[in-house]
1. Given (1) under 17 Å from Ala39 (Cβ atoms); (2) open to solvent by less than 20 Å² (accessible area, probe 1.4 Å); (3) of a type in the set (S, T, N, Q), where does Thr77 come up short, assuming only one miss?
2. Looking at region 71-84, can you tell me whether even one residue there is free of Cβ contacts under 8 Å to residues at least 24 places away in the same chain, part of a helix (DSSP H, G or I) and farther than 23 Å from Trp168 by Cβ?
3. Would you call Arg30 open to solvent by 10 Å² or more (accessible area, probe 1.4 Å), touching a residue at least 40 places away in the same chain (Cβ under 8 Å) and over 25 Å from Arg189 (Cβ atoms)?
4. So, of the residues in region 38-48 that are in contact with a Leu (Cβ under 7 Å, 6 or more places away or on another chain) and in a loop (DSSP other than H, G, I, E, B), which turns out to be surrounded by the fewest Cβ atoms within 10 Å (Cβ to Cβ)?
5. Out of region 13-27, which residues are of a type outside the set (A, V, I, L, M, F, W, C) and without any contact (Cβ under 8 Å) to a residue 40 or more places away in the chain?
6. Between residues in region 40-53 that are in contact (Cβ under 8 Å) with a residue 24 or more places away in the chain and of a type in the set (D, E, K, R) and residues that are part of a loop (DSSP other than H, G, I, E, B) and open to solvent by 10 Å² or more (accessible area, probe 1.4 Å), which pairs lie under 7 Å by C-beta distance while being six or more apart or on different chains?
7. Just give me the residues in region 171-189 being among the hydrophobic types (A, V, I, L, M, F, W, C) and in contact with a Gly (Cβ under 9 Å, 6 or more places away or on another chain), in sequence order.
8. Spot the failing condition for Gly49; the list is (1) within 21 Å of Gln131 (Cα to Cα); (2) at pLDDT below 95; (3) more than 14 Å from the chain's Cα centre (by Cα), and only one is missed.
Amino acid sequence: MTDTPADIDALLRAIRACRVCAASLPHEPRPVVQAGAGARILVIGQAPGSKVHASGIAWDDDSGNRLRDWTGLSPETFYDPARVAHMPSGFCYPGKGVGGDLPPRPECAPLWHGPLRAALPEVRLTLLVGQYAQKLYLPRGFAPNLTEAVRRWREAPEGLFPLPHPAWRSRLWMGKNPWFEAEVLPDLRARVRAALGD
């Protein structure tokens, strides 16, 4: 694929039509993705939850509200594919497991991440939201757990920014790790503004 808008549109249609893991899902597949060839920020999360599965819109839930607050992005910018792309570790809602949603389906990232990243040549900042995204993109051995990966955000490879998942549990996590709000979030917002050229 080249980097023309027509090519990224074709890729997005292919992703949204994907049914590779249909037999493993408890519902009809509904891949959720957002991208434009000129996007400057790429958000890689884990997998859509039930609310996002219902709406088909990335981060269309309380976690998304929290993530937008962390980044300082307005909904208008966050949902502008010409500025922000959304590529989950697994594109479809995986269903419920014991204690929460199941992990992202393993088929998605190997199949779609490479082509989609190649179609986003203008990305300057990639947010690795949660442990699944971090396992995919941080160097092996970078940190023993999510907390340490986020604590070492300054040491992440250029252009990558590890974050906790902004689920309701993150409020408890933030209470135990006050450095996140005091140090990480101001830097995150500054990098987001810089990536967008604001």
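The values are calculated or read from the model by the stated rules, or taken from the named source; none is laboratory data. These numbers come from a predicted model, not from an experiment. Neighbour counts are summed over all protein chains in view; Cβ atoms, including those assigned to glycine, are modelled from backbone coordinates with ideal geometry. Just so you know, the surface numbers come from the protein's heavy atoms only, side chains and all, with ligands and any DNA or RNA stripped out. Shrake-Rupley method; radii C 1.70, N 1.55, O 1.52, S 1.80 Å.
1. The single condition Thr77 does not satisfy is (2).
2. Yes, the conditions are met somewhere in region 71-84.
3. On the way: open to solvent by 10 Å² or more (accessible area, probe 1.4 Å): yes; touching a residue at least 40 places away in the same chain (Cβ under 8 Å): yes; over 25 Å from Arg189 (Cβ atoms): yes.
So Arg30 fits the description; yes.
4. Per the criteria, the residue is Arg40.
5. The first filter runs over region 13-27 and keeps only residues of a type outside the set (A, V, I, L, M, F, W, C), leaving 13, 16, 19, 24, 26-27.
Residues satisfying the conditions are Arg13, Arg16, Arg19.
6. Arg40/Arg83; Arg40/Glu122; Arg40/Val123; Arg40/Arg124
7. Leu185, Leu188
8. (3)
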